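**Q** Below is one structure. I have some questions about it.
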Amino acid sequence: MARQPEGPPPPPTVQKLRLRYAKRGPLRFASHRDLARALERALRRAQVPMAFSAGFSPHPKISYVGAAPTGAASEAEYVEIGLAERRDPEAVRAALDASLPPGVDVLECVEAAEGGGSLADRIDAARWRVELPGVEPEELAAAVAAFLASDVVTVAKRTKNGLKDVDAREPVASAASAGTAGCAILTMVVRQVTPAVRPDDVLAALAAVADLRPPSPPRAVREAQGRLDDSGIVADPLGPDRAARTRCQGEHAAV
Amino acid sequence: MTGTTRHASGETLYPRLEPLLAQVQKPIQYVGGELNAQVKAWDDVAVHWALMYPDAYEVGLPNQGLMILYEVLNERPDALAERTYAVWPDLAGLMREQGVPQFTVDAHRAVGDFDLLGVSFATELGYTNLLEALDLARIPLHALDRDESHPVVVAGGHAAFNPEPIADFVDCAVLGDGEQAVGDITDVVAAWKEQGRPGGRVELLARLARVDGVYVPRFYAVGYGPDGAITAVTRTRDDVPARVGKRTVMDLDEWPYPKTPLVPLAESVHERMSVEIFRGCTRGCRFCQAGMITRPVRERTITGIGSMVDQGLRATGYEEVGLLSLSSADHSEIGQLAKELADRYEGTNTGLSLPSTRVDAFNVTLANELSRNGRRSGLTFAPEGGSERIRRVINKTVSKDDLVRTVTTAYANGWRQVKLYFMCGLPTETDEDVLEIAELAVEVIRAGREASGSKDVRCTVSIGGFVPKPHTPFQWAGQASAETIDHRLRVLRQAINADRRIGRSIGLRYHDGKPGVVEGLLSRGDRRVGRVIERVWREGGRFDGWSEHFSYERWTAAAAEELSAFGVDLDWFTTRERTQDEVLPWDHLDSGLDKEWLWDDWQEALSEEEVADCRWTPCYDCGVCPTNGTEIQIGPTGRSLLPLTVVGR
Ligand code: B12
Ligand code: SF4
């Protein structure tokens, strides 16, 4: 039998909170590991009563949902935390936000609805906005058109097991170009696939189909994540939790 | 680049830096924005300090010394301080290509815009990184080539007690504690600027040279004799001190810094918060420069420590607190401190730790107490010398039996992993002294298996070459050659592996002898060594503390070429034993230690005599207290820690 640490088992999770946070400005260069460490420390600083896993090195109950790559900014990163005591979600949001460095900003915090399913199940696509300094909007528009007109655009992607060919076209549900002179802006909705197709891969595809080669590194922002509906809109993954809360507050009010 | 006029605008370089960051490894280390970082408006203050740790961000960020100065300076309404670290070659290459100069991580301002560049040297292996940073900052490498528009380059930290090898590259060096010194320097610079910079850079430096603890190398001339040795170091103006003394902060409770330690987003080498529980050490270990140059002992009180731990945890969210000092178990209130801190943080997943300790059964009890809230993983002891004889030479006496007993106690108390630190190449050492380490480790494992009733006990022997340092009794010693070190490490490894059944429970971690030789050259070098450093840097030398960047061949070739004109060589600086009458390059820099006392202690080392600790026996006149007007400050205070409402409960 495995050895057990002395003392009582850790208290159970009594409340699950779901957070949306942003990584902005220079902190877009933070990696997932960097953010995870910062979040754990912020939870301690903010004195959030976390639930812990059992065992010799107890871990706070935190589950992350697909992090944006290092170098990409995001307005829509999601995480779920388990608390050992109930807290007001808005108070947790404010305390956490104050405990994180500026640039990692906690935007929303809602209580997970009972039986509402996992957060990960509510995310299958992301909306991206990519600024391309030094690229003219017309150039980009032409490249996007060529890309959308293709059935398959194979690009080489660096993975853990070396270079791998992936199709960057198929997961792109929509793509459009905009921007001003000297800085084109690409917006697109990309479905989650394995291995993941990220803005870099789509840009590699634009280089492949239209020889679009930005003179300086593009800046990507993940604007939203969620389920892609038939109309091409990425739905808010916290929507169902929020709806459940309003409903039950309404019921309480009626009593 | 545009024009030649320089204006210190303090403008951000970030827009130009950002595209480069997308192309380098671990860009997060260059963006700043750490928790508790500060950015002040450039034009609101008179004096601008850039503070540098000349190593990678992950090593430099946790440095306490720099964190303290950063806070102390930023608390002043008339000053601001920002931080800068060594940039890795990938970014340095892009910066040169794109004309982006060395920048601070806080507001990404050009280091060249600042009034002062303060560089902290805990180790001499950062010297090439200093040159790289100066070059990237477009500050002339040589202090004499700088004009009023360039920052004043100030070295500090332990290595600044012999800054002669970098004398050509720095404008001044600060000896000792920096908390008050940086304030005095700021006052001088502010007044000089306010007055319209009278007398230019030379006048500013002359004023700085009159600040207690500040050494300005250009005002001192070094003479050499036909044998290559120094004949004298003389001042060239009579308004600067003939010998420069060190700074000592008394009453540490008045200086509770860092109050809000920096917490990086990037991973660092030291993922915990540290609270310095005392400064200085009078144990008298003869190899230890830190112990010699930081005398006397000044303790923080138990309540002072308690509030720093509490405030620091609240400010950072760290899970572990290291109780830092040169010999933490010696704090007069350590037992009570350990117990009361453990009580206070019981059930909060807050770990408490001590750095390596002397070998002492009491230290096991202490470690038990501190680990009450966490797991008993590893315990570290530092006997430093392999045999009882060599431990008398270095004045770190502990008998073999006591050593085995202490380690066995640790295993019996549930610790599974014990790490033992040793040095090799100590004065008078023979192969036999080092081979005793193997015997010791074997005995420790045998006794440990018996005491714990388990085969699952491990002992790691960590060993490195000894480098003689200035201002220690061993400053006259001949350093062991790289060959000697490597030979002793080889026989030690064979001895440990001789009995496989026990040997597999013993780990051996060691550094080969070559980097130690270069460290030796830089530690006890004089101004002539500056040419070697510059050549090594010109040929690509950087990050010498990192084995993947360090090139021994580059150093030996540069030393041979640059030193031969002076009739000296690498061995002259390293393996050569000095005589009593030799003028040492740092003799005009006064740590307070009486040179005669040091020499006597060196002779006593050779005859294997011990010296006691002046905290518990009468003063033995090392010279420090009377020279500096300081005194030992220790408890116990009789106070105790009150329970708190704590973080993370
Ligand atoms: C924590 C620690 C570490 C940590 C963190 C290092 C870090 N980045 O800070 C780790 C584990 C990573 C580490 C690594 C090493 N360490 Co260490 N470390 C220490 C320890 C225990 C505490 C250092 C500390 O915080 N001191 C307290 C601060 C406040 O003091 P300070 O930095 O000296 O700063 C004061 C003054 O010097 C001055 N000052 C400093 N800089 C400047 C700059 C300016 C401009 C001015 C004006 C003043 C100034 O003002 C400050 C406030 O008064 C010391 C022992 C000790 N207690 O000092 C050893 C010590 C510094 N380390 C030592 C060594 C040898 C090393 C390593 C080389 C070990 C190795 N072989 O790898 C590496 C080097 C890493 C590197 N490249 O820097 C030696 C230095 C040897 C020497 N000079 O004789 C020490 C003294 C231990 C010893 N007794 O041998 N170390
Ligand atoms: S002068 Fe005396 S009391 Fe002070 S550190 Fe030296 S030996 Fe100790």
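The values are calculated or read from the model by the stated rules, or taken from the named source; none is laboratory data. Because the structure is predicted, anything quoted here is derived from the model rather than measured. So basically every Cβ, Gly included, is an ideal-geometry build from the backbone, and we count neighbours across all protein chains shown. In case anyone asks, the SASA skips ligands and DNA or RNA and just uses the protein heavy atoms, side chains included. Shrake-Rupley method; radii C 1.70, N 1.55, O 1.52, S 1.80 Å.
**Q** What residue, among those in the stretch B:149-166 that are open to solvent by 10 Å² or more (accessible area, probe 1.4 Å) and part of a loop (DSSP other than H, G, I, E, B), is farthest from B:Val624 (Cα to Cα)? Even if it seems obvious, please write down each step before you answer.
**A** If we filter the stretch B:149-166 for residues that are open to solvent by 10 Å² or more (accessible area, probe 1.4 Å), which is where we start, we get B:149-150, B:156-158.
Filter again for part of a loop (DSSP other than H, G, I, E, B), leaving B:149-150, B:157.
On the way: B:Ser149: 39, B:His150: 36, B:Gly157: 18 Å.
Checking each candidate, the answer is B:Ser149.
**Q** Restricting to the stretch A:82-91, name every residue that is open to solvent by less than 10 Å² (accessible area, probe 1.4 Å) and within 14 Å of chain B (Cβ to nearest Cβ). Lay out the reasoning, then the answer.
**A** First, pick out the residues of the stretch A:82-91 that are open to solvent by less than 10 Å² (accessible area, probe 1.4 Å): A:82-83.
Once the filter is applied, which keeps residues that are open to solvent by less than 10 Å² (accessible area, probe 1.4 Å) and within 14 Å of chain B (Cβ to nearest Cβ), the stretch A:82-91 yields only A:Leu83.
**Q** Has the stretch B:388-405 got at least one residue that is in contact with a strand residue (DSSP E or B) (Cβ under 7 Å, 6 or more places away or on another chain), within 30 Å of B:Asp601 (Cβ to Cβ), crowded, with 24+ Cβ neighbours inside 10 Å and not hydrophobic (A, V, I, L, M, F, W, C)?
**A** yes
**Q** Hey, could you check the stretch B:119-136 for residues that are of a type in the set (Gly, Ala, Ser) and open to solvent by 10 Å² or more (accessible area, probe 1.4 Å) and say which is nearest to B:Asp184 (Cα to Cα)?
**A** Within the stretch B:119-136, the subset of a type in the set (Gly, Ala, Ser) is B:120, B:122, B:126, B:133.
Of the ones still in play, those that are also open to solvent by 10 Å² or more (accessible area, probe 1.4 Å) are B:120, B:122.
Numbers: B:Ser120: 17, B:Ala122: 22 Å.
Among residues in the stretch B:119-136 that are of a type in the set (Gly, Ala, Ser) and open to solvent by 10 Å² or more (accessible area, probe 1.4 Å), the one nearest to B:Asp184 (Cα to Cα) is B:Ser120.
**Q** Also, quick follow-up: Hey, B:Ala410 hits all of (1) more than 16 Å from B:Ala477 (Cβ to Cβ); (2) out of contact with any Leu (no Cβ under 7 Å at 6 or more places or on another chain) but one; which does it fall short on?
**A** Every condition holds for B:Ala410 apart from (2).
**Q** When the stretch A:130-152 is examined, which residues are found to be in contact with a strand residue (DSSP E or B) (Cβ under 8 Å, 6 or more places away or on another chain), surrounded by fewer than 21 Cβ atoms within 10 Å (Cβ to Cβ) and part of a loop (DSSP other than H, G, I, E, B)?
**A** Those that are in contact with a strand residue (DSSP E or B) (Cβ under 8 Å, 6 or more places away or on another chain), surrounded by fewer than 21 Cβ atoms within 10 Å (Cβ to Cβ) and part of a loop (DSSP other than H, G, I, E, B): A:Gly134, A:Glu136, A:Val152.
**Q** Further question: So, in the stretch B:167-194, exactly how many residues are within 16 Å of ligand 1 (Cβ to nearest atom) and either in a loop (DSSP other than H, G, I, E, B) or polar (S, T, N, Q) (or both)?
**A** Qualifying residue count, the stretch B:167-194: 10.
**Q** Inside the stretch B:590-649, can you point out the residues that are of a type in the set (Gly, Ala, Ser), surrounded by 14 or more Cβ atoms within 10 Å (Cβ to Cβ) and assigned to a loop (DSSP other than H, G, I, E, B)?
**A** B:Ser591, B:Gly592, B:Gly623, B:Gly635, B:Gly648
**Q** Now for a separate question. Just give me the residues in the stretch B:259-304 being β-branched (Val, Ile, Thr) and either assigned to a loop (DSSP other than H, G, I, E, B) or more than 12 Å from ligand 1 (Cβ to nearest atom) (or both), in sequence order. Let's see the steps before the verdict.
**A** Of the stretch B:259-304, the ones β-branched (Val, Ile, Thr) are B:260, B:263, B:269, B:275, B:277, B:282, B:293-294, B:297, B:301-303.
Scanning the stretch B:259-304 gives B:Thr260, B:Val263, B:Val269, B:Ile277, B:Thr282, B:Thr294, B:Val297, B:Thr301, B:Ile302, B:Thr303.
**Q** Residue under question is A:Val197, and the condition is that it be open to solvent by less than 50 Å² (accessible area, probe 1.4 Å) and in contact with an Asp or Glu (Cβ under 7 Å, 6 or more places away or on another chain); does it hold?
**A** no
**Q** Go through the stretch B:370-390 and give me each residue that's at pLDDT 85 or above and either closer than 22 Å to B:Arg272 by Cβ or not in a helix (DSSP H, G or I) (or both).
**A** As a first pass, look at the stretch B:370-390 and keep what is at pLDDT 85 or above: B:379-390.
Scanning the stretch B:370-390 gives B:Leu379, B:Thr380, B:Phe381, B:Ala382, B:Pro383, B:Glu384, B:Gly385, B:Gly386, B:Ser387.
**Q** Oh, and also: Return the total of residues in the stretch B:36-56 being open to solvent by 20 Å² or more (accessible area, probe 1.4 Å) and in contact with a Ser or Thr (Cβ under 7 Å, 6 or more places away or on another chain).
**A** So the answer is 2.
**Q** Further question on the same structure: Mind listing whichever residues of the stretch B:509-527 are surrounded by fewer than 22 Cβ atoms within 10 Å (Cβ to Cβ) and under 20 Å from B:Ala565 (Cα atoms)?
**A** Residue satisfying the conditions is B:Arg527 alone.
Residues are listed down the side, and each one gets a yes or a no for (1) surrounded by fewer than 23 Cβ atoms within 10 Å (Cβ to Cβ); (2) within 16 Å of ligand 2 (Cβ to nearest atom); (3) part of a loop (DSSP other than H, G, I, E, B):
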site	(1), (2), (3)
B:Glu58	yes, no, no
B:Pro62	yes, no, yes
B:Pro77	yes, no, yes
B:Leu80	no, no, no
B:Leu94	yes, no, no
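**Q** Does B:Gly291 count as out of contact with any strand residue (DSSP E or B) (no Cβ under 6 Å at 6 or more places or on another chain), without any contact (Cβ under 8 Å) to a residue 40 or more places away in the chain and away from every other protein chain (no Cβ under 14 Å)?
**A** Considered against the rule, which asks whether it is out of contact with any strand residue (DSSP E or B) (no Cβ under 6 Å at 6 or more places or on another chain), without any contact (Cβ under 8 Å) to a residue 40 or more places away in the chain and away from every other protein chain (no Cβ under 14 Å), B:Gly291 comes out as yes.
**Q** Against the condition touching a helix residue (DSSP H, G or I) at 6+ places or on another chain (Cβ under 9 Å) and open to solvent by less than 10 Å² (accessible area, probe 1.4 Å), how does B:Leu324 come out, does it pass?
**A** Details: touching a helix residue (DSSP H, G or I) at 6+ places or on another chain (Cβ under 9 Å): yes; open to solvent by less than 10 Å² (accessible area, probe 1.4 Å): no.
So B:Leu324 fails the test.
Residues are listed down the side, and each one gets a yes or a no for (1) more than 29 Å from B:Gln25 (Cα to Cα); (2) modelled with pLDDT of 90 or more; (3) assigned by TED's automatic domain parsing to the domain that holds A:Arg87:
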residue: A:Glu6; (1), (2), (3): yes, no, no
residue: A:Ala22; (1), (2), (3): no, yes, yes
residue: A:Leu27; (1), (2), (3): no, yes, yes
residue: A:His32; (1), (2), (3): no, yes, yes
residue: A:Ala36; (1), (2), (3): no, yes, yes
residue: A:Leu43; (1), (2), (3): no, yes, yes
residue: A:Val48; (1), (2), (3): yes, yes, yes
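**Q** Just one of B:Ala46, B:Ala86, B:Ala92 is among the small types (Gly, Ala, Ser) and within 16 Å of ligand 1 (Cβ to nearest atom); which is it?
**A** B:Ala86
**Q** Give the residue, chosen from A:Ala125, A:Ala176, that is aliphatic (A, V, I, L, M) and surrounded by fewer than 20 Cβ atoms within 10 Å (Cβ to Cβ).
**A** Details: A:Ala125 fails: surrounded by fewer than 20 Cβ atoms within 10 Å (Cβ to Cβ).
None of the others qualify; the one that does is A:Ala176.
**Q** Can you tell me which residue in the stretch B:184-204 is farthest from the chain's Cα centre (by Cα), limited to those that are in contact (Cβ under 8 Å) with a residue 60 or more places away in the chain and open to solvent by less than 10 Å² (accessible area, probe 1.4 Å)?
**A** Looking at residues that are in contact (Cβ under 8 Å) with a residue 60 or more places away in the chain and open to solvent by less than 10 Å² (accessible area, probe 1.4 Å), I get B:Val189.
**Q** Hey, can you tell me all the residues within the stretch B:205-258 that are open to solvent by less than 20 Å² (accessible area, probe 1.4 Å), in contact with a Lys or Arg (Cβ under 7 Å, 6 or more places away or on another chain), assigned to a loop (DSSP other than H, G, I, E, B) and within 14 Å of ligand 1 (Cβ to nearest atom)?
**A** Selection gives B:Gly213 alone.
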